[in-house]
1. Please indicate, with yes or no, whether at least one residue in the range 210-223 is within 30 Å of residue 43 (Cβ to Cβ), in contact with a strand residue (DSSP E or B) (Cβ under 7 Å, 6 or more places away or on another chain) and part of a helix (DSSP H, G or I).
2. Go over the candidates 205, 161, 150, 186 one by one and state the one that is within 16 Å of the chain's Cα centre (by Cα) and in contact (Cβ under 8 Å) with a residue 12 or more places away in the chain.
3. Can you tell me which of 241, 206 is crowded, with 17+ Cβ neighbours inside 10 Å, at pLDDT 95 or above, out of contact with any strand residue (DSSP E or B) (no Cβ under 6 Å at 6 or more places or on another chain) and within 29 Å of residue 62 (Cα to Cα)?
4. Check residue 183 against each of (1) in a loop (DSSP other than H, G, I, E, B); (2) more than 30 Å from residue 39 (Cα to Cα); (3) at pLDDT 95 or above and name the one condition it does not meet.
5. Let me confirm something: among 25, 78, which residue is at pLDDT 95 or above and surrounded by 21 or more Cβ atoms within 10 Å (Cβ to Cβ)?
6. Restricting attention to the range 43-58, report how many residues are buried (at least 20 other Cβ atoms within 10 Å of the Cβ) and either at pLDDT below 95 or within 18 Å of residue 150 (Cβ to Cβ) (or both).
7. Only strands (runs of 3 or more DSSP E) wholly contained in the range 1-83 count here; list those with 1 or more residues that are touching a helix residue (DSSP H, G or I) at 6+ places or on another chain (Cβ under 7 Å) and within 26 Å of residue 227 (Cβ to Cβ).
């Protein structure tokens, strides 16, 4: 995957408190202002979307150097290795999904979370640049399994019935490499009979980030988790890097090491 050589995008790891603050401000703009999320750790006064996991994670920043110096962060990822998760008391994903089979597999895990882009940068090459940096980071760590919570906006299951049912039918994880939504907020993903699913409509209703992971060979765990505080319905996406297709392999060679 070739990225434009003259791009103003730079992908790097957050290294200062100001970097982390910029990431949390972008997350607030997207998850709170735009999507209506909330939570006990959200700081509405300073407009920071944050939680206790932030202190232990690696934060990947996408900057547009053509913007003013104090407003350059236009994309973020929060990444957690197993060692970082242990220091944090567990993976964030484990608050919603039982990860015992994934963790027990002995595979090298990297959790992906809090991914978002500034609205002005969606639909272009910005996400490709952020993924190139992510791929380089994961490759440096010899990561075998990428996983994390991916969200549908809203909690009305009648509106999400087709895309969730389609995911369960076509993209369900098999064997030990899975995760299971935790009670009491777990709901089955198969909501309507499979012969009633409009497959094209189901894919149109699936968020772009989830579809992108599916194109790379991603699968979903068992059940969805309804997060009323964040106004989302979440699935656990799992990507085995060993089984990644040729397109994903190209992505892994796309960026400079960070």
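The values are calculated or read from the model by the stated rules, or taken from the named source; none is laboratory data. Quick caveat, the model's predicted, so the values are computed rather than measured. Note that we place each Cβ from the backbone using ideal geometry, even for glycine, and neighbour counts take in every protein chain shown.
1. Yes, because at least one residue in the range 210-223 is within 30 Å of residue 43 (Cβ to Cβ), in contact with a strand residue (DSSP E or B) (Cβ under 7 Å, 6 or more places away or on another chain) and part of a helix (DSSP H, G or I).
2. Exactly one residue qualifies, and that residue is 150.
3. Of 241, 206, the one residue that is crowded, with 17+ Cβ neighbours inside 10 Å, at pLDDT 95 or above, out of contact with any strand residue (DSSP E or B) (no Cβ under 6 Å at 6 or more places or on another chain) and within 29 Å of residue 62 (Cα to Cα) is 206.
4. Going through the list (1) in a loop (DSSP other than H, G, I, E, B); (2) more than 30 Å from residue 39 (Cα to Cα); (3) at pLDDT 95 or above, residue 183 breaks only (2).
5. Residue meeting the stated conditions: 78.
6. Here the count works out to 3.
7. 58-64, 73-81
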